[in-house]
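The structure appears right after this line, and notes come after that.
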Amino acid sequence: MDCMKRPGFPIAAMLMVLAAGAAPAEAISFFTPVYKKAAAACADALAAGNYSAAIAAGQQSVEARKDYFASRQCLGKAYAGAGLPLKAIEELRAALPLADTPNQTMVVNSDLGQLLQKEKDYVKALEHYDTALAYAIVTQDTKSRGLTLANMASLFRERGEIEKALEYYRRAVDEGEAAASGTALNNMGTIFFDKKDYPAALDAYGRAAALGESQKDDLTAGIALLNTGNVLLAKQDFPAAEAKLTEGLAKVKSAKNGYWEAAAREYFGRLHIALGETAKAKGSFEAARDGYRANHFEYEAQQMEMRLREMDADAAKAGGGEAAPPGQNVTVEPLPR
């Protein structure tokens with residue numbers, strides 16, 4: 001997912017997640033070939049998030065039969081989950097010519113696009129996204145169509161082609177399913193925020209929040225509300241910013257999303273800094289640091305630690321006084337999903 005934070009956050013991106021679309025699993029019996037048993041074991045381990053077990057089973061299946069789509073695809077996904085992108089790309093490339101349904105071809109192309117995008121091979125990634133989009137259009141799969149367009153938008157954004165990214169986010173909203181449009185709208189808002197086009201950013205975030213409410217999707221609504229608060233903070237409308245941040249925090253807590261709850265605490269820290277409330281800011285940044293760390297976002301936790309050290313250094317220079325007087329401008333960064 002791409003919705004807003006620092007470069008390098010697992011993104012950003014809104015990285016597309018599609019069902020594998022394979023045929024229903026065959027019943028496993030004593031007479032089932034080894035390669036099929038191992039492929040089924042790979043799929044079970046992958047679903048459980050046990051990537052090492054999935055890799056072992058996938059390798060066993062591939063060794064038993066090299067031209068079986070399910071084992072190649074599962075092994076590729078397991079490598080990706082284990083943080084081995086080059087091996088994942090190799091396996092998925094081997095799986096691609098073995099696909100025997102349009103959905104399998106679409107999904108593997110999408111997965112390859114995502115992996116190659118992470119490797120900064122934008123030309124090859126775009127080729128795979130184009131293929132995935134073509135299959136989504138032909139099969140009238142509106143969900144996959146919208147998600148692929150959003151992935152393409154995130155690629156253009158990474159390449160600095162901002163207007164093209166906006167075009168593809170708009171297409172993702174217009175051509176995809178409504179339920180999957182919230183992230184695209186949030187990412188559009190972030191682009192407008194970066195351009196300091198605050199009215200357009202507020203409109204995009206407002207649409208995302210309304211969509212989240214209509215879909216009973218507390219996470220999408222919560223992210224949009226937090227991002228709205230961030231815009232209002234940049235506009236120095238502090239009472240309105242606090243109200244939106246409070247609403248957004250309640251939503252992401254309801255969604256039980258630890259990353260975004262920590263991000264909300266970070267936003268509150270920025271608000272307190274802008275108001276000159278150093279002690280409250282420090283408490284918020286500490287809560288953000290601890291929340292990021294508890295959810296294994298170490299980069300973000302370290303950023304909060306650095307922010308706290310800077311505050312301590314500023315306080316020491318000022319003899320323990322408040323570091324930022326009320327009304328002082330604060331540098332605000334959009335937080336992505």
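No lab work stands behind these numbers, since they all come straight from the coordinates. Everything numeric here is computed off the predicted structure, so don't read it as measured data. Glycine also receives a Cβ, built like all others from the backbone with ideal geometry; neighbour counts cover every protein chain displayed.
A few notes on this one:
- With Cα atoms, 0 to 90° folded angle of helix 298-317 axis to the chain main axis: 10
- The loop-placed trypsin sites (Lys or Arg not before Pro) in the stretch 177-262, going by DSSP, that have at most 16 neighbouring Cβ atoms within 10 Å of their Cβ come out as 195, 196, 216, 235, 256.
- Given R0 = 41 Å, the distance between the Cβ atoms of residue 312 and residue 163 translates into a calculated FRET efficiency of 0.45.
- Comparing 117, 73, 303 in a Gaussian network model of the chain where C-alpha atoms under 10 Å apart are linked, the largest mean-square fluctuation is found at 303.
- Option label - semi-axes √(5λ) of the Cα gyration tensor in Å computed here, alternatives (1) 31, 23, 20; (2) 45, 26, 17; (3) 42, 23, 16: (3)
- Our summary gives the stretch 34-256 a relative contact order of 9 percent, counting only alpha carbon pairs under 8 angstrom and 6 or more residues apart.
- In this structure, the residue pairs whose Cα-Cα separation is over 20 Å, taken from 216/251; 143/216; 36/118; 118/195, are 36/118; 118/195.
- FRET efficiency estimate (nearest 0.05) - Cβ-Cβ, residue 302 to residue 174, R0 56 angstrom: 0.90
- Segments 102-108, 223-229 sorted - mean Cβ within 10 Å per residue, highest first: 223-229, 102-108
- For the peptides 55-62, 84-91, 265-272, residues were scored by their other Cβ atoms within 10 Å and the scores averaged per peptide; the highest-first order is 265-272, 55-62, 84-91.
- Here the sum of -39500 (n - 2.57) over DSSP H runs of 4 or more residues, divided by the residues of the chain, equals -23000 deg cm²/dmol at 222 nm, to the nearest 500.
- For residue 197 and residue 124, the difference between the fully extended length at 0.36 nm per residue and the C-alpha to C-alpha distance is 23.0 nm.
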